[in-house]
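**Student:** There's a structure below that I have some questions on.
The values are calculated or read from the model by the stated rules, or taken from the named source; none is laboratory data. Remember, predicted model here, so these are calculated numbers, not experimental data. Cβ coordinates were reconstructed from backbone atoms using ideal geometry, including for glycine residues, and neighbour counts include every protein chain displayed.
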């Protein structure tokens, strides 16, 4: 039945059929459903704080619920992408949840905006005026490379079973789906990893091979805003580590959350992923393939805490020199 308020976790379990036969302890059948349930639980916990509830955090959770619901609806009949097949009860509950959340978000949207525009405005990052001016000068000088739609498609990751692939794009069309590997692709521009950017639809683009012109984070979306950007290392399809190291976009904790939420929906096992943040206070080198200016944490712990998991301030992806 339609929702007129955000469901609780127990209500959600009932609505997707988890109270039938198996009780309330049945695990979600695939990661996107797991994320929706977890976000509903986190939303309930935060909203119960009353006047102390973080309105920005609640809004971001709604956005991630919408993204996960949209992903399930789009690929509901493609278990190789989704990691499972939703039941009819799940499909109805997802439709009802998405409809309810959209009804609460639409009134605060600019009439010309899509939900993607809303996400970029509230949770994304843009290139500042100084770097925009510099980019234009580099473009005019024929030094900077910006990707068009065709070039962008060649660099888009596709996920199957939690592993990252990329289409070979032979003779102007899609060729074979091949496991992506940072080293095999020759992507070693940033501390042993590739540059990446994530657009408002949650598509992740990577690149780092030697190019005839300079490649920057702004190259992927031709200077447009992103939901996340930084560096990423992938070995035989398995994401090893991610960062938000980008001088153009200067991503924050919010943008790392955008990335991790999307990777989990893509069935990536975050227990095997490390998050790096720049640490200019020195310290012991923790991550062997990166300079010691990075501090590391487990991606799954980051996502669970929705912040840098140590809780030590500043809650930032960049610790300045003290």
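**Student:** Taking the stretch 155-177 only, how many residues are exposed (fewer than 15 other Cβ atoms within 10 Å of the Cβ) and either within 21 Å of residue 75 (Cβ to Cβ) or modelled with pLDDT of 90 or more (or both)?
**Tutor:** Residues in the stretch 155-177 being exposed (fewer than 15 other Cβ atoms within 10 Å of the Cβ) and either within 21 Å of residue 75 (Cβ to Cβ) or modelled with pLDDT of 90 or more (or both): 4 in total.
**Student:** Here are 274, 184: which of them is free of Cβ contacts under 8 Å to residues at least 60 places away in the same chain and either on the phi > 0 side of the Ramachandran plot or surrounded by fewer than 17 Cβ atoms within 10 Å (Cβ to Cβ) (or both)?
**Tutor:** Within the list 274, 184, the selection yields 184.
**Student:** Name the residue, out of 245, 224, that is surrounded by fewer than 23 Cβ atoms within 10 Å (Cβ to Cβ) and more than 17 Å from residue 66 (Cα to Cα).
**Tutor:** Details: 245 fails: surrounded by fewer than 23 Cβ atoms within 10 Å (Cβ to Cβ).
So the residue among 245, 224 that is surrounded by fewer than 23 Cβ atoms within 10 Å (Cβ to Cβ) and more than 17 Å from residue 66 (Cα to Cα) is 224.
**Student:** Also, quick follow-up: Listed residues 74, 9, 26, 81; which is at pLDDT 90 or above, out of contact with any strand residue (DSSP E or B) (no Cβ under 9 Å at 6 or more places or on another chain) and surrounded by fewer than 20 Cβ atoms within 10 Å (Cβ to Cβ)?
**Tutor:** Details: 9 fails: at pLDDT 90 or above; 26 fails: at pLDDT 90 or above; 81 fails: out of contact with any strand residue (DSSP E or B) (no Cβ under 9 Å at 6 or more places or on another chain).
Only one candidate qualifies: 74.
**Student:** Now, a different point. Mind checking which residues of the stretch 84-95 are closer than 23 Å to residue 116 by Cβ and either in contact with a strand residue (DSSP E or B) (Cβ under 8 Å, 6 or more places away or on another chain) or free of Cβ contacts under 8 Å to residues at least 40 places away in the same chain (or both)?
**Tutor:** Within the stretch 84-95, 91, 95 qualify.
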